[in-house]
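Have a look at the structure below, then the notes.
All of the numbers you see were taken from the coordinates with simple rules; none came from a lab. Everything numeric here is computed off the predicted structure, so don't read it as measured data. Cβ placement follows ideal geometry from the backbone for every residue including glycine, while neighbour counts extend to all protein chains displayed.
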Amino acid sequence: MAIDLKLIDKLLADYQKPEDIIGENGLLKQLTKAVLERAMQAEMTEHLGYEKHDPAGHNSGNSRNGATTKTLKGDFGEVPLETPRDRNGSYEPKIIGKGQTRFTGFDD
């Protein structure tokens, strides 16, 4: 999958100094959070077998049940993540596992 260069240009439109990218609230930290949360939402959809708000999920026996917050630590600092959960408690995130607080290898 190729990354859209116009999207990158749009993300960097307000770039003025390195901290805008690698700082405490920089672009890299924001992207890391967004990508990981989207990946966990996709995992939840795969786990449940239907999209969010899909009528197929009504009375299915399991459904989305909000999210819990966890703090992920890595070379980039700390990132608060919203981890989705299901009503039965059977969802096991793969990209950031239950109880995992370190995200190693990202900078490699």
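When you go through Thr83, Thr69 one by one, which is the residue that is farther than 22 Å from Ile3 by Cβ, surrounded by fewer than 11 Cβ atoms within 10 Å (Cβ to Cβ) and hydroxyl-bearing (Ser, Thr, Tyr)? Result of the check over Thr83, Thr69: Thr69.
Consider Val79 against the criteria (1) in contact with a Ser or Thr (Cβ under 9 Å, 6 or more places away or on another chain); (2) part of a helix (DSSP H, G or I): it satisfies all of them except one. Which criterion is unmet? Status for Val79: all satisfied but (2).
When residues in region 86-97 are screened for being basic (Lys, Arg) and surrounded by 12 or more Cβ atoms within 10 Å (Cβ to Cβ), 1 of them pass.
What residue, of Thr71, Thr32, is over 15 Å from Ser90 (Cα atoms) and in a strand (DSSP E or B)? After ruling out the rest, the residue left standing is Thr71. Checking every residue in region 74-86 against the condition of being over 27 Å from Ile21 (Cα atoms) and out of contact with any helix residue (DSSP H, G or I) (no Cβ under 9 Å at 6 or more places or on another chain) gives zero matches. When region 15-66 is filtered for residues that are among the polar types (S, T, N, Q), without any contact (Cβ under 8 Å) to a residue 60 or more places away in the chain, surrounded by 11 or more Cβ atoms within 10 Å (Cβ to Cβ) and closer than 21 Å to Phe103 by Cβ, the ones remaining, listed by number, are Gln30, Gln41.
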